[in-house]
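Derivation of every value follows stated rules applied to the coordinates shown; laboratory data play no part. Note that the structure is predicted; figures quoted are calculated from it, not measured. Backbone-built Cβ (ideal geometry, glycine too); neighbour counts: all protein chains shown.
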Amino acid sequence: MAAACAVARAGWQVRMYERAPQFAEVGAGLQLGPNVTRVLHAWGLADALRAVAAFPDRLTVRSAVTGAELGALALGARSVARYGAPYATVHRADLHALLHRACLSAGEVNIHCDQAVLRYEDLGTAVRIHTGATPVIEGDALLGADGLLSGVRQQLLRDGPPQPVGDLAYRAMLRMQSLPAGWRGNQVTAWLGPRLHLVQYPVRGGRALNVVAIVRGAARPGDVDDSSAAAAELERAFHGACSPLRDLIAAVPQASLNAQPWRRWVLAARPPVHGATHMARGAVALLGDAAHPMRPYLAQGAGMAIEDAAELAQALAMDAVDVPTRLQRYALARWQRVARVQARSMRNGQIFHAEGVVRMGRDASIRLLGERVLDVPWLYGR
Ligand SMILES: Cc1cc2nc3c(=O)[nH]c(=O)nc-3n(C[C@H](O)[C@H](O)[C@H](O)COP(=O)(O)OP(=O)(O)OC[C@H]3O[C@@H](n4cnc5c(N)ncnc54)[C@H](O)[C@@H]3O)c2cc1C
C-alpha cells in the first residue's frame, strides 16, 4: 500500500493485485522509528498519523526475571529534536487505512482484491502478470510486495522458502482501560529474559496496549493460531518471570480486544540481502518482506518496506532512462541498508535471548551505557 501511494505520487498509474478477498482488520501493532515517520511526514501524512498513533515518551528495558529497569532511551521530544521526526506506535489496521486513504488521494491507484498473482513474464519493454481472475495484465514494471512467501521472488530468484528462525511470536491487543493503572504508561517496555522477551506499547492514542511475546521454540507448522494452546505455552515459558510480567500475561484473556486473545506466528527469515540483483532484475523489483524478510527484533520490517516505497518512487521518477535502469537504481540505493537492518535484527535476537554470563554482560552494558546502546543513530538518522 505504501509503494502504491509513493509511486502514484510520482505520477505513475498503479494497479494493485491483492490475493485476500478484502483488507481485514489485522489485530497487532507496529513500532515506527523516526526513519519511517519521516517518510510518512514527507508524504503529507503527519496529521493522519497523529490522529491514530501513540507517541511513547521512552523505551524502557527491564529484566524479565527480576523486573528491574536495565536502561532507558528517551523517545518523544528527543526523537523529534534529534532525528526530525517522532517515534510512533500504531495499530496495523490504522496504518493500513491511512495508507489506503493516501493512495486514493495520490492519483491513479486501482486496487483489485481477491486476485492472486500467479506468475509473470518480463518482456523487456513490459511485464505481463497472470492472475486467476482477469485476462493477462500488462504494465511497465512489476513491484513484488507479496510478503514473506513471495511468489514473485520465487520466480525472480528461485531461492527456495525462508527458513524458520526457531522462535515463536505471540501477539495480543488489550483494552487499556481494563488494565491496572501501572500498566497504562505512555512507553515502550521491553522485558528481556533467557530464551524469551516481551514488548508492550500503546497504540490508538493510548486506548489499546499491544503485547508481543517471543519465545525460543520449535516451529510446528500447522498450529499457528491455536489460542488456547498459546496461553498455556506462554504460562509455561514465563513461569520463571517476575510477577508483574506474569500478571500481564494472565490479564490478557479478560482485557483482549480480539475474540482470540493470543495469535501465534512461527517466525521465519532469510539471510541478509547480498547484492542489488537480489532486489531487482529487468522490469521486476521486490520490496518489503518479499525482498528482505527479517527477524522482528529491531522492529523495522514494515519500516523498511515504507523506506523501499519512497526510494522506488524516486527511482521511477527519473527521466531519460528505461524502467530496468530505474529499478536497478532503486536496488543499488537500498540493498546495503536493508542488509544491515536484517543483520542487526539477527544480532538483537541473540542479545535479547541471552543466557548465563552473556546475559549478565548484556545487562551490565545496558546499565552502564544506557542510551548509547539503545539508540540506533545510523538507522533513525536517515
Ligand atoms: C511479531 C512481529 C512483530 C513485528 N513488529 C514490527 C514492528 O514493530 N515494526 C515494523 O516495522 N515491522 C514489524 N514487523 C515486521 C512486519 O510485520 C513486516 O515486515 C511487514 O508486514 C512486511 O510488509 P509487506 O507488505 O512486505 O508484507 P505483508 O505484510 O506480508 O503483505 C504482503 C501482502 O501480499 C499479499 N499477497 C501474497 N501473495 C500474493 C499473491 N500471489 N498475489 C497477490 N497478493 C499476494 C498478502 O495477502 C499480503 O496482503 C513485525 C513482524 C512480526 C512477525
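Here the residues CYS242, CYS113, CYS5, CYS103, ranked from fewest to most Cβ neighbours within 10 Å of their Cβ, fall in the order CYS113, CYS242, CYS103, CYS5. So if R0 is 30 Å, what FRET efficiency would ASN186 and ASN258 give, r being the distance between their Cβ atoms, rounded to the nearest 0.05? With a Förster radius of 30 Å, E is 0.85. Counting only Cα atoms, the chain measures 62, 46, 39 Å along its principal axes, largest extent leading. Taking the Cα centroid of the stretch 275-344 and of the stretch 107-142, what is the distance between the two, rounded to the nearest whole Å? Cα centres, the stretch 275-344 to the stretch 107-142: 20 Å. The gain in end-to-end length when the LEU104 to PHE23 segment is fully stretched comes to 27.7 nm, 0.36 nm per residue minus the alpha carbon separation. Here the peptides 309-320, 350-361, 202-213 are ranked by packing, the mean other Cβ count within 10 Å, and the order with the highest first is 202-213, 309-320, 350-361. Shown for SER178, SER345: other C-beta atoms within 10 Å of each C-beta, ranked fewest to most, produce the order SER178, SER345. If a spin label sat at a point 7 angstrom from the Cα of VAL65 along the line to its beta carbon, the backbone N atoms of the stretch 357-382 nearer than 12 Å would be those of 357-364.
Note on ALA232/ASP114: beta-carbon distance plugged into 1/(1 + (r/R0)^6) with R0 of 35 Å gives a FRET efficiency of 0.45. Listed from fewest to most Cβ neighbours within 10 Å, the set ASP122, ASP159 follows the order ASP159, ASP122.
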